[in-house]
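Remarks on the structure that follows.
The values are calculated or read from the model by the stated rules, or taken from the named source; none is laboratory data. These numbers come from a predicted model, not from an experiment. Note: ideal-geometry Cβ built from the backbone for every residue, glycine included; neighbour counts use all protein chains shown. Keep in mind that these areas ignore ligands, DNA and RNA; they rest on the heavy atoms of the full protein, side chains included. Shrake-Rupley method; radii C 1.70, N 1.55, O 1.52, S 1.80 Å.
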Amino acid sequence: MKNKKFIIKILEKASEPVSGESIAKKLGISRTAVWKNVQALKKEGYQIETTHKGYRLINSPNFIDEEILKKLPYKIYYFKKISSTMNVAKELGERGEEALVIAEIQTSGRGRLGRVWISPEGGIWMSLVIKPSFSLKEAFLLTYIASLAIGLAIKETTGLKIKLKWPNDVLYQKENEEKKLAGVLLEIKAEVDQLKYAVIGIGINVNNEINSFEPFAVSLKEILKKEIKREDLIIEIVRKIQKYLKMSSEKIISDWKKLSSTLGKAVKIIQPQREIRGLAFDLAEDGALLLKTKEGKIEKIYSGDCIHLRY
Ligand code: BT5
């Protein structure tokens, strides 16, 4: 681990290729060990050329700078590649820790109901594990807090028009089209009626390529035609989450409503047992989505997938 960092430092400083032998001498390791480390670095995304004169660094991947994130009041767990940040965060939650877990790549990123979340390099894939003094009933607020924080942070840092779709999507709206920029996955552990810990999973398409199988997904890079610094966005989102954690449920719900794309639309709600259509006209005090059906009946919706039918 340390050797890899040293090798990169040596190659970054050098203007000429550096021989394996001189690196081996500097680090006090064998030439084979240098070669193995170089292979591992290539797997991480570093472009290193091997010439007869030695190794030359052509390009470094644009990794998240952990140092910058140390401004945040959470311990940072940073991984180049991991199955899912949710898994690590849950383990930390079990141990009573609060922390921010971030990965450059997730190999088994997940959405709600076990759906796949595509997480290649360049995106923000992170889980914040916290111990909020929330009752079990109030836990739903965390999804609103997270999507609000993401939406507002993106709006402020990029100036883009961002909207929120009930219950957990952050959308980019352009004319009559809405595309998914980010999603939130909340996993909680409760004891009696109190939350023991909550893991807020946040996935944002930032500088990553979008899989062509996902026609409704979009990344910030695609919209802005340039890459943005992920660290700034991460810090802003976490700070906003902290701010909202201290606010009343009325304030959280009313701010969420201001950014909502769902309210005022005809929607279809898909739940495991049923499908309901109606006009999404408000959020109730307890956070439920309020639907007015064709028959004029008011339905309170607490969970499900929401499809916007008309604009
Ligand atoms: C979500 O689920 O939107 C929650 C996504 C949470 C991901 C974060 S990343 C960090 C943390 N670690 C994890 O393993 N997960 C969290 P849901 O509403 O169920 O939406 C899932 C659906 O979004 C999929 O079925 C796809 O259709 C679509 N999808 C998958 N990957 C996507 C992407 N990168 N961008 C946009 N849409 C995507």
Those residues that are over 22 Å from TYR197 (Cα atoms) and open to solvent by 80 Å² or more (accessible area, probe 1.4 Å), I need them from the stretch 233-250; list them, please. GLU250
Is it the case, given these coordinates, that ALA190 is over 30 Å from LEU279 (Cβ atoms), in contact (Cβ under 8 Å) with a residue 12 or more places away in the chain and not in a helix (DSSP H, G or I)? yes
Could you please find all residues in the stretch 289-309 being buried (at least 16 other Cβ atoms within 10 Å of the Cβ) and within 27 Å of the chain's Cα centre (by Cα)? LEU289, ILE301, GLY304, ASP305, CYS306, HIS308
Note on VAL267: of the conditions (1) touching a residue at least 40 places away in the same chain (Cβ under 8 Å); (2) touching an Asp or Glu at 6+ places or on another chain (Cβ under 8 Å); (3) buried (at least 17 other Cβ atoms within 10 Å of the Cβ), unmet is (2)
Got a number for residues in the stretch 1-22 being farther than 27 Å from TYR78 by Cα and open to solvent by less than 90 Å² (accessible area, probe 1.4 Å)? 6
What are the pairs with Cβ atoms under 8 angstrom where one residue, in the stretch 39-67, is open to solvent by less than 70 Å² (accessible area, probe 1.4 Å) and the other, located anywhere, is at pLDDT 95 or above and among the aromatic types (Phe, Trp, Tyr)? Sequence gap at least six, or different chains. ILE48/TYR55; GLU49/TYR55; ILE64/TYR78; GLU66/TYR78
Checking the condition in contact (Cβ under 8 Å) with a residue 12 or more places away in the chain, under 27 Å from ASP65 (Cα atoms), over 12 Å from the mean Cα position of the chain (by Cα) and within 14 Å of the ligand (Cβ to nearest atom), which residue from THR158, THR143 passes? THR143
Please indicate, with yes or no, whether at least one residue in the stretch 199-208 is near the ligand (Cβ under 9 Å from one of its atoms), under 26 Å from LYS75 (Cβ atoms) and open to solvent by 20 Å² or more (accessible area, probe 1.4 Å). no
